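**Student:** Dumping the structure here so I can ask a few things about it.
The values are calculated or read from the model by the stated rules, or taken from the named source; none is laboratory data. Everything numeric in this text was worked out from a predicted model, so none of it was measured. Neighbour counts run over all protein chains shown; Cβ positions are idealised from the backbone, glycine included. Each accessible area value is taken on the protein alone, full model and side chains, heavy atoms only, with ligands, DNA and RNA left out. Shrake-Rupley method; radii C 1.70, N 1.55, O 1.52, S 1.80 Å.
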Amino acid sequence: MIDFPIDDVISWMPELLDGLALSVKVTLASLAIGIPFGLLLALGVQARSKFTRGLCLVIVEIGRGAPALILLQFIYFGLPSAGITMTSIVAAIAALSWNTGAYTSEIIRAGLESVPAGQKEAVMALNMSRIDGLRYVILPQGLRVAVPALLGFSILIFQATSLCFTIAMPELISRAYEIGSTTFLYFPALLAAGILYAMICIPASMLVSWVEKRAGRFSR
């Protein structure tokens, strides 16, 4: 029978919870920056200017094509060569915000394109400006469609914060590895970290499913 060190796990909880709190903060900051950035990119991809469209497409494709780990490494370890140095937390937020903006731009763009053509024709018939049409007609309907997918992506960004241990950010996985390296009890430390992740991700996934059902009900 395996002797699980429950007393040790309990003693590690304050440190693990501190790491979890940092992971949540980085997630919220990345979403707060990345989702508005994604909206700007979605609008930029649909802009009339070829330069604006091209620039936004480049930003989106790099953000989607490069793994989050590569973006983290590039910003934290690569940018200092160009004279730009960031702390691990700022670098994590910058990388995950870029990743969030790139992916959510496609989610938001799909939501905007799902708005019925009749609504867009109504905007033109009322002689509304492009900005007013977006603000009062297109965006409210398009974002309502995009909300479930945005919530689901938010869970992925929270999970992606586990990659930040590679740039020495003291988040949950970093704390678990640190505990494992000092006690040689890697399995229980990482198991405890995994349980803490699950305690957030599972209820969040259930919330996303509920929102999707509600959205589907109202769209009928």
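**Student:** Have a look at 204, 42, 66 and tell me which one the Gaussian network model of the chain (Cα, springs below 10 Å) gives the largest fluctuation.
**Tutor:** 66
**Student:** With a cut-off of 8 Å between alpha carbons and a minimum separation of six or more residues, what is the relative contact order of segment 81-220 in percent?
**Tutor:** Over segment 81-220, the number comes to 24 percent.
**Student:** Quick one: P(r) of the chain from all Cα-Cα pairs, 10 Å bins, percents rounded to integers, in order of increasing distance.
**Tutor:** Per 10 Å bin, starting at zero, the Cα-Cα P(r) for the chain comes out as 8, 27, 29, 20, 11, 4, 1, 0 percent.
**Student:** Please give the FRET efficiency for residue 200 paired with residue 46, using the beta carbon to beta carbon distance and R0 = 22 Å, rounded to the nearest 0.05.
**Tutor:** For residue 200 and residue 46, the calculated efficiency is 0.05.
**Student:** Continuing with this model, one more query. Which value, in Å² and to the nearest 10, is the accessible area of residue 186 when all protein chains are kept and the probe is 1.4 Å?
**Tutor:** Accessible area of residue 186: about 90 Å².
**Student:** Additional query: Once you've got the GNM for the chain with C-alpha springs shorter than 10 Å, pick whichever of 183, 104, 27 has the biggest mean-square fluctuation.
**Tutor:** The residue with the greatest mean-square fluctuation here is 183.
**Student:** Give me the one-decimal nm value for the distance between modelled label points at residue 126 and residue 114, 7 Å along each residue's Cα-to-Cβ direction.
**Tutor:** Placing both labels 7 Å beyond Cα along the Cβ direction yields 2.2 nm.
**Student:** Under a 10 Å cutoff between Cα atoms, tell me which one of 162, 30, 114 has the largest fluctuation in the Gaussian network model of the chain.
**Tutor:** Result: 114 has the largest fluctuation of those listed.
**Student:** Run the 1.4 Å probe and let me know the accessible area of residue 87, rounded to the nearest 10 Å².
**Tutor:** The accessible area of residue 87 comes to roughly 90 Å².
**Student:** With angles folded into 0 to 90 degrees, how steeply does helix 186-218 sit against the dominant principal axis of the chain? Use alpha carbons for both and round to 10.
**Tutor:** In the chain, helix 186-218 runs at an angle near 20 degrees to the longest axis.
**Student:** How are the alpha carbon pair distances in segment 47-121 distributed across 10 Å bins from zero to the largest one, expressed in percent?
**Tutor:** 18, 37, 28, 12, 5, 0
**Student:** Roughly how many debye, to the nearest 20, is the charge dipole of the chain about its Cα centre, given +1 on each Lys and Arg Cβ, -1 on each Asp and Glu Cβ, and no other charges?
**Tutor:** It comes to approximately 1340 debye.
**Student:** Please name which of 111, 133, 97 has its Cα lying farthest along the dipole of the chain towards the positive end, using unit charges on Cβ (Lys, Arg +1; Asp, Glu -1) and the Cα centre as origin.
**Tutor:** Toward the positive end, the furthest listed residue is 133.
**Student:** What number, in percent, do you get for the relative contact order of segment 50-153 if the mean sequence gap of Cα pairs under 8 Å and at least 6 apart is divided by its residue count?
**Tutor:** The value is 27 percent.
**Student:** Can you order the peptides 126-132, 72-78 by their average number of other Cβ atoms within 10 Å per residue, highest first?
**Tutor:** Top to bottom by mean Cβ count within 10 Å: 72-78, 126-132.
**Student:** Then there is this: Among 86, 150, 169, whose Cα lies farthest out toward the positive end of the dipole of the chain, if unit charges sit on the beta carbon of Lys, Arg (+1) and Asp, Glu (-1)?
**Tutor:** Value computed over the given set: 150.
**Student:** Suppose each label sits 7 Å from its Cα in the direction of the beta carbon; what would the residue 57-residue 178 distance come out to in nanometres?
**Tutor:** Each label point is offset 7 Å from its Cα along the Cβ direction, giving 4.5 nm.
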